[in-house]
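Only one structure is covered here, and it is reproduced in the block below.
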Amino acid sequence: MLKAILFAVGLCIHIGVASAAQSGRVVVEDAPVYEFPQKDSKVILRLKKDSVHAVSNLKTEGYYKIRLSGGETGWVSGNDLLAGGGILPSDTGPSPETRVNGKRPMSDALIDGERFAGANYRIQLGFGLSNLAFGGLSDQFSGTSSLNFGKVYSFEIQRKLAFPLSLALRGELRGSKTGELDLGGGTTQTYEHSAVPFQVGLLYFPIHTQRWRIGLGGYGGITAVSFTEVVQTTTSQTSSVKFSSMDLLGTGVVQVAYGLGRAFGVFGEFAYQYQVTGDLPATTALGNIPAFKIDYSGFLFKAGIELRF
């Protein structure tokens with residue numbers, strides 16, 4: 001009686017397994033096995049052409065689920081398999097020769113394009129706010145420090161060099177204006193600043209998963225245009241000085257991106273930027289101030305969309 005029960009249970013299990021799996025023959029060389037049924041997922045194995053494996057009867061998002069040796073599972077594109085082709089090996093898993101170099105190709109797990117959509121290029125369009133401090137690099141320059149809030153528009157192209165490094169080219173349009181700074185004695189000053197910086201940088205992404213990308217970056221470049229106007233108002237008159245320059249600047253960033261699909265995502269960025277002008281000529285507009293420099297330093301917060309291809 002016990003043998004009959006065990007036989008019936010075993011038969012049911014066998015039928016259940018058979019109904020949930022079929023044979024699949026690989027039709028391309030080194031077919032990737034993904035961790036999830038998505039092409040931007042991690043590659044955990046590559047299969048030899050013409051090898052036969054146990055795969056699911058139905059496809060999920062165009063992928064068959066496959067059982068690997070050792071009990072592991074993964075996903076293979078339906079374009080890389082011929083469902084129902086060949087005879088399954090006795091262990092219903094991939095034969096040893098299907099493994100590249102006899103082991104998992106760990107280097108494949110480090111390929112940017114296999115883990116996060118956008119293997120080669122990313123384009124970012126962003127908008128944000130700046131909180132910069134103006135400082136006059138001269139002891140005789142009045143009103144040398146203040147905080148202001150401004151707007152930042154940015155366009156950036158990123159090119160993968162080698163996982164996890166990317167090269168970036170960034171252009172921005174930045175503008176800001178302070179409130180009135182009280183200099184005492186009934187005198188106030190206001191700063192208005194705008195710039196068009198272009199920078200080149202490197203980004204390092206130590207966290208790089210199926211959907212998330214978190215990294216650090218450093219940029220350096222010049223401003224094609226940097227324009228500043230200082231307006232000084234007293235009880236009797238208003239005077240101003242305007243000047244433009246081509247300045248050096250540097251930026252450090254922390255960037256977080258989330259993929260919404262293979263070709264589209266969103267990102268957020270926190271940055272610190274420092275810019276300093278060259279020697280500006282002496283001016284009498286604000287009380288015979290000698291030649292001076294102005295530095296702009298502070299934080300930028302930005303978010304936007306990311307296109308990947």
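Please indicate, with yes or no, whether at least one residue in the stretch 210-226 is farther than 21 Å from Leu129 by Cα, surrounded by 18 or more Cβ atoms within 10 Å (Cβ to Cβ), in contact with an Asp or Glu (Cβ under 8 Å, 6 or more places away or on another chain) and modelled with pLDDT under 95. Scanning the stretch 210-226, I find no residue that is farther than 21 Å from Leu129 by Cα, surrounded by 18 or more Cβ atoms within 10 Å (Cβ to Cβ), in contact with an Asp or Glu (Cβ under 8 Å, 6 or more places away or on another chain) and modelled with pLDDT under 95, so the answer is no. With respect to Gly250, is the statement that it is outside any loop (DSSP other than H, G, I, E, B), under 13 Å from the mean Cα position of the chain (by Cα) and surrounded by 14 or more Cβ atoms within 10 Å (Cβ to Cβ) true? Answer is no for this residue. Residue under question is Glu156, and the condition is that it be modelled with pLDDT of 55 or more, under 17 Å from His193 (Cα atoms) and of a type in the set (Asp, Glu); does it hold? The answer is no for Glu156. Among the residues making up the stretch 12-61, those that are modelled with pLDDT under 85, closer than 23 Å to Arg262 by Cβ and in contact with a helix residue (DSSP H, G or I) (Cβ under 6 Å, 6 or more places away or on another chain) are Lys42, Lys59.
Output the residue which, of all residues in the stretch 227-244 that are free of Cβ contacts under 8 Å to residues at least 24 places away in the same chain and of a type in the set (Gly, Ala, Ser), is surrounded by the fewest Cβ atoms within 10 Å (Cβ to Cβ). This residue is Ser236. Asp247 fulfils the conditions (1) modelled with pLDDT of 85 or more; (2) of a type in the set (D, E, K, R); (3) closer than 30 Å to Asp40 by Cα except for a single criterion, (3).
Whether any residue in the stretch 276-296 is surrounded by 13 or more Cβ atoms within 10 Å (Cβ to Cβ) and modelled with pLDDT of 90 or more is what I want to check. No, the stretch 276-296 contains no residue that is surrounded by 13 or more Cβ atoms within 10 Å (Cβ to Cβ) and modelled with pLDDT of 90 or more. The residues on offer are Gly259, Gly278, and the sole one that is over 26 Å from Leu173 (Cβ atoms) and in the same structural domain as Arg170 (by TED's automatic domain parsing) is Gly259. Among the residues making up the stretch 45-74, a single one is of a type in the set (A, V, I, L, M, F, W, C) and surrounded by fewer than 13 Cβ atoms within 10 Å (Cβ to Cβ): Leu58.
The values are calculated or read from the model by the stated rules, or taken from the named source; none is laboratory data. Note that the structure is predicted; figures quoted are calculated from it, not measured. No Cβ is skipped: glycine too gets one built from the backbone with ideal geometry, and neighbour counts run over all protein chains shown.
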